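The values are calculated or read from the model by the stated rules, or taken from the named source; none is laboratory data. Computed from a prediction, not measured in an experiment: that's the story for all the values here. No Cβ is skipped: glycine too gets one built from the backbone with ideal geometry, and neighbour counts run over all protein chains shown.
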Protein chains: 2
Amino acid sequence: MQNIHTLLTAKTIVPVEPENTVLQDHSIAINNGRIVDICPAKQAAQLYTPQSHFEYEHHILMPGLINAHTHAAMALLRGVASDMPLMQWLQEHIWPIEQQWVNEQFVQDGSELAIAEMLRGGITCFSDMYFYPEVTARVASAIGMRAVIGMIVLEFPTMYASSPDEYLSKGLALYDRYKSDPLISNVFAPHAPYTVSDATFAKLNSYANELDTAIHMHVHETRDEIETSIKEHNKRPLARLDDLGIVSPDLLAVHMTQLLPEEIERVAEAGVTVVHCPQSNLKLASGFCPVQELKQHNTRVIIGTDSCASNDDLNMFAELKIAALLAKGVSRDATAFTAQQSIRAATIDAAQALGIADETGSLQVNKSADVIAVRCDSVESQPMYDLFGHLAYSTDRSRVTDVFVAGRQLLRDRSLTSVSEDEIITKAKRWKENISSNHG
Amino acid sequence: MQNIHTLLTAKTIVPVEPENTVLQDHSIAINNGRIVDICPAKQAAQLYTPQSHFEYEHHILMPGLINAHTHAAMALLRGVASDMPLMQWLQEHIWPIEQQWVNEQFVQDGSELAIAEMLRGGITCFSDMYFYPEVTARVASAIGMRAVIGMIVLEFPTMYASSPDEYLSKGLALYDRYKSDPLISNVFAPHAPYTVSDATFAKLNSYANELDTAIHMHVHETRDEIETSIKEHNKRPLARLDDLGIVSPDLLAVHMTQLLPEEIERVAEAGVTVVHCPQSNLKLASGFCPVQELKQHNTRVIIGTDSCASNDDLNMFAELKIAALLAKGVSRDATAFTAQQSIRAATIDAAQALGIADETGSLQVNKSADVIAVRCDSVESQPMYDLFGHLAYSTDRSRVTDVFVAGRQLLRDRSLTSVSEDEIITKAKRWKENISSNHG
């Protein structure tokens with residue numbers, strides 16, 4: 001008998017890898033935060049003496065979901081303005097509020113709120129782009145959440161940094177600080193082609209090559225972005241990025257709602273990953289990402305919620321459902337983006353794109369134990385014919401009862417263990433009072 | 001002091017009518033199932049002695065949602081087949097399963113499952129189209145749920161009826177039986193233009209005129225439907241229905257994803273109501289209902305989940321969110337189908353279209369007390385800037401804790417009061433075992 005920290009035993013386990021696999025009556029043995037074995041429950045009972053044994057008779061266990069694009073701290077701006085065009089939304093609401101209110105405290109309280117919501121919805125990792133990324137990294141690490149933190153870069157000064165060089169140096173300091181934190185990794189996060197200059201892109205790209213990190217950026221979000229680029233640079237944003245050497249397997253291109261056939265081919269050839277945020281694209285009427293065509297060209301498509309200001313939640317079960325449904329609708333092909341593809345997009349595909357597939361994205365021996373338990377004993381969960389279809393199309397996030405990240409239980413029977421929900425709510429209400437009294 | 005049955009006191013009430021109204025610290029006085037007063041809580045405390053007093057410190061009270069198109073009993077086929085084209089889905093899966101399994105017991109158990117799910121998600125009324133409608137009516141009435149039951153009519157024989165006349169006579173018997181049930185009303189429900197003959201439409205339409213009932217029908221769901229009609233009738237389905245006198249304010253046309261500009265005008269002129277089922281249309285890749293154009297022409301658009309076989313849930317909070325988001329995406333106009341419009345579509349607009357606006361669809365004196373309580377003290381519900389935006393874009397149905405229909409509490413702190421959830425689940429699992437063992 002081997003002593004281990006934790007044993008999770010479940011009626012049903014969907015490990016995601018190997019593909020198309022459902023394990024019945026199996027156990028996941030966890031030691032020092034890592035999966036050391038996955039085997040039939042009877043065998044596990046003979047092999048392991050766990051400090052904690054969780055038995056899930058009515059649950060599906062699966063890898064935690066990965067939210068591949070968000071601005072976590074903007075959870076404090078959940079639904080602050082709706083039903084208006086993108087530029088009015090940004091110029092009259094989001095940007096003035098950010099300018100007035102965003103500081104380290106805002107990012108701390110907003111990141112806590114977002115991480116609390118994400119964990120309660122079965123998300124165990126998020127890829128973030130926002131100001132004061134070192135604060136979001138600190139909060140995620142303290143709560144025990146996995147995060148890929150973007151080293152944000154903009155051309156213009158903000159409260160966070162006064163020049164592109166200052167953004168970059170703050171980003172590099174963040175990178176150095178979290179190099180040895182197993183929960184935090186970093187990628188460069190230039191905001192968008194229209195907010196970063198060629199010179200800054202060149203500098204950033206050489207750092208990214210040196211550190212071998214990905215580049216996470218909004219690309220081709222709106223028609224307006226394309227038109228502006230043609231006016232200013234005489235080329236479309238993607239072509240400009242290509243000339244700068246940024247269109248590569250390291251690029252995580254978020255949104256991509258405006259793509260010509262030759263751009264779809266170029267993106268595939270270059271090995272770019274597309275980060276699809278269907279609900280945000282719909283709400284801001286940005287356009288449709290051609291998911292099915294991208295996938296037919298073997299481009300990896302992963303999924304993000306975008307921020308709470310344009311969604312207005314951080315619900316990856318809802319997002320992956322809409323991603324699958326919308327891909328079918330837009331391509332007029334009901335076979336597009338299947339249930340299993342959408343589950344993979346929200347787990348293993350995202351982990352691969354973010355460079356953390358050795359750690360997370362599937363339940364496999366040697367990976368970190370990033371596991372969620374989805375309860376299946378309510379009327380909403382019956383009957384259940386196909387597990388992948390059920391997870392993709394019929395799963396309310398509120399059915400996630402337990403969440404483990406690196407073997408540590410962060411959600412227990414719907415309650416967070418490492419942070420106070422009451423305090424988070426109190427702080428969110430206070431921010432809302434302040435922001436409302438000075439806006440609108 | 002007046003003795004009344006129930007007093008509901010809440011921090012926040014969204015009555016839907018009057019429009020754009022939010023009541024703070026008000027009470028709803030209920031007697032004999034009807035709303036007798038809505039007034040400030042302090043005043044209510046001086047006026048009424050209730051048998052039961054519910055105090056909702058952390059909830060929003062609002063009218064129950066109306067699911068304007070479903071096939072409730074198909075809840076037993078939740079997700080039975082996914083990710084395939086409509087005709088393969090119907091011909092290889094849905095129809096063979098229905099032919100083998102659908103009987104009165106199936107409809108009873110399926111309707112119970114669906115009603116349980118709907119009540120737990122804040123739906124207090126549904127408009128149904130399925131075989132054995134008298135069984136669904138009986139189940140709804142017994143549970144205490146409001147329902148508009150379709151008198152289904154098809155040209156071809158099924159297990160339920162052998163000829164159009166038998167469908168009609170069974171429908172009329174149903175109508176007579178439930179005439180005096182305050183919870184149940186009836187409309188005619190010819191399945192679709194392609195499954196009902198001109199002669200049957202003529203007969204049905206004269207009954208509908210005589211009884212002054214609406215006609216609930218799938219219309220222009222797919223491109224294939226249009227092409228078939230042109231081949232067989234030398235006209236598009238809507239033109240054919242128009243020639244038959246069916247395009248009128250009494251028509252509830254479900255789906256309507258294939259509309260020419262002149263059809264959008266004709267529908268508006270005739271006063272047709274469009275029942276939009278966005279998730280089903282997406283999943284089956286049927287096309288996009290032009291919601292924004294319809295609304296610009298002052299056509300009433302209401303919302304349905306369609307059945308669990310093509311969605312795969314009966315979640316009206318999700319459906320109204322997607323309806324609003326998709327309308328923006330399809331019209332490329334972020335101002336389309338606002339939060340408040342989508343809430344109204346799922347409440348008062350639906351009640352008006354279904355002919356039950358005297359009873360339900362808003363919280364107003366003299367109406368039936370069809371009320372839901374949405375909890376707002378979780379991290380997912382904070383911060384809350386705009387109530388309509390919050391209800392439309394940020395509300396998980398699992399936050400519905402209490403549901404009243406005609407003043408009777410059917411959901412109490414997430415538990416159903418008038419039906420056994422355990423028994424419903426057990427029966428659903430048994431159906432699934434049987435169906436799976438004989439299919440696929």
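Of note:
- Filter result for the condition that a residue is closer than 30 Å to B:Cys376 by Cβ, within 12 Å of chain A (Cβ to nearest Cβ) and either of a type outside the set (D, E, K, R) or under 21 Å from the mean Cα position of the chain (by Cα) (or both), over B:Ala147, B:Ala140, B:Ala68, B:Ala75: B:Ala75
- Under the condition of being outside any loop (DSSP other than H, G, I, E, B) and touching a Ser or Thr at 6+ places or on another chain (Cβ under 8 Å), the residues counted in segment B:9-24 number 4.
- Qualifying residue in segment A:410-428 (condition: part of a helix (DSSP H, G or I), out of contact with any strand residue (DSSP E or B) (no Cβ under 7 Å at 6 or more places or on another chain) and more than 30 Å from B:Met384 (Cα to Cα)): no
- Annotation: of all residues in segment B:172-226 being of a type in the set (Gly, Ala, Ser) and assigned to a loop (DSSP other than H, G, I, E, B), the one that is surrounded by the most Cβ atoms within 10 Å (Cβ to Cβ) is B:Ala214.
- Given (1) in a helix (DSSP H, G or I); (2) closer than 25 Å to B:Arg78 by Cα, index of the condition B:Glu166 fails: (2)
- Residue match in segment B:304-325 (condition: buried (at least 24 other Cβ atoms within 10 Å of the Cβ) and over 29 Å from B:Ala116 (Cα atoms)): no
- If you go through segment B:108-134 and keep only what is away from chain A (no Cβ under 14 Å) and under 27 Å from B:Thr347 (Cβ atoms), you end up with B:Thr124, B:Cys125, B:Phe126, B:Ser127, B:Asp128, B:Met129, B:Tyr130, B:Pro133.
- Test: residue in segment A:227-245 that is assigned to a loop (DSSP other than H, G, I, E, B) and buried (at least 24 other Cβ atoms within 10 Å of the Cβ): no
- The single condition from (1) buried (at least 22 other Cβ atoms within 10 Å of the Cβ); (2) touching a strand residue (DSSP E or B) at 6+ places or on another chain (Cβ under 9 Å) that A:Ser82 fails is (2).
- A residue that is under 29 Å from B:Asp109 (Cβ atoms), of a type outside the set (Gly, Ala, Ser) and in contact with a Lys or Arg (Cβ under 8 Å, 6 or more places away or on another chain) can be found somewhere in segment B:68-76.
- Members of segment A:86-104 found to be over 15 Å from A:Ala75 (Cα atoms) and of a type in the set (A, V, I, L, M), listed by number: A:Leu86, A:Met87, A:Leu90
- Filter result for B:Ser280 (of a type in the set (Ser, Thr, Tyr), in the same structural domain as B:Asn209 (by TED's automatic domain parsing) and surrounded by fewer than 24 Cβ atoms within 10 Å (Cβ to Cβ)): no
- Pair list, Cβ < 7 Å and 6+ apart or interchain, from segment B:333-354 residues that are in the same structural domain as B:Ser248 (by TED's automatic domain parsing) and within 16 Å of B:Gly304 (Cα to Cα) to residues that are β-branched (Val, Ile, Thr) and in a helix (DSSP H, G or I): B:Phe337/B:Val291
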